[in-house]
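Reviewing the structure listed below.
The values are calculated or read from the model by the stated rules, or taken from the named source; none is laboratory data. Computed from a predicted model, the values in this text were never measured in an experiment. So basically every Cβ, Gly included, is an ideal-geometry build from the backbone, and we count neighbours across all protein chains shown.
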Amino acid sequence: MMHEPETIFRKSSLGLVDHAARGLGFFSLALGAAELAFPGAISRALGLKNQDGLLRAYGLREIASGLGALQPNPAPAVWSRVAGDALDLAMLAQGLSADNDKRVAAKTALAAVAAITVVDVVVGAMLSQQAARKEPPRDYSDRSGFPKGFAAAHGAAAGYRGPDFMRVPREGGGAPAQTGGPL
């Protein structure tokens, strides 16, 4: 069943670009965790020698970007992902050397990072554009909260006695005692 993009997130105040930023945030967290946990396996799979320390550092960077992308203003974190993508592309380019027997894997990873870079740039630009056109918050300080104004509401309940069960009964039974107030 196909849904219009606007109807998918109907119950949320977040827009499509906000959901994309959150998705990039979760992707960063997962990628960063993998780079921290398995740097040797990743570097061997791509034919990158002696890059374990660098991959761990990149993992920390990804986790920081991911956490930032889950915040109320994800634009700076998404742009940091773009900068990180540039670093990733430079590292992966090392795997394209003729003596790398894992060159096909490095090319595939390079293409994948290039594609996610495009997504990061588009989402970052949309978030920046969205932030630029936000209106300043409205000033409601001159409003009372009463539909007909405070003066009309003042004293409106002066004659209200309240329900019988809330009144204090007289000593010795009988009708409720009248106190000085409206109850």
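Residues in region 39-93 that are within 14 Å of the chain's Cα centre (by Cα) and part of a helix (DSSP H, G or I): Ala64, Ser65, Gly66, Leu67, Gly68, Ala69, Ala75, Pro76, Ala77, Val78. Filtering region 140-164 to residues that are outside any loop (DSSP other than H, G, I, E, B) and either loosely packed, with under 10 Cβ neighbours inside 10 Å or modelled with pLDDT under 75 (or both) leaves Phe150, Ala151, Asp164. Any idea how many residues of region 1-38 are surrounded by 11 or more Cβ atoms within 10 Å (Cβ to Cβ), modelled with pLDDT under 55 and outside any helix (DSSP H, G or I)? Qualifying residue count for the region: 1. Within region 98-125, the set of residues being free of Cβ contacts under 8 Å to residues at least 24 places away in the same chain and not in a helix (DSSP H, G or I) comprises Ala98, Asp99. Can you pull out every residue in region 165-180 that is loosely packed, with under 10 Cβ neighbours inside 10 Å and at pLDDT 70 or above? Selection gives Phe165, Met166, Glu171. Only one of the listed residues (Asp101, Asp85) is among the charged types (D, E, K, R) and surrounded by fewer than 14 Cβ atoms within 10 Å (Cβ to Cβ). That residue is Asp101.
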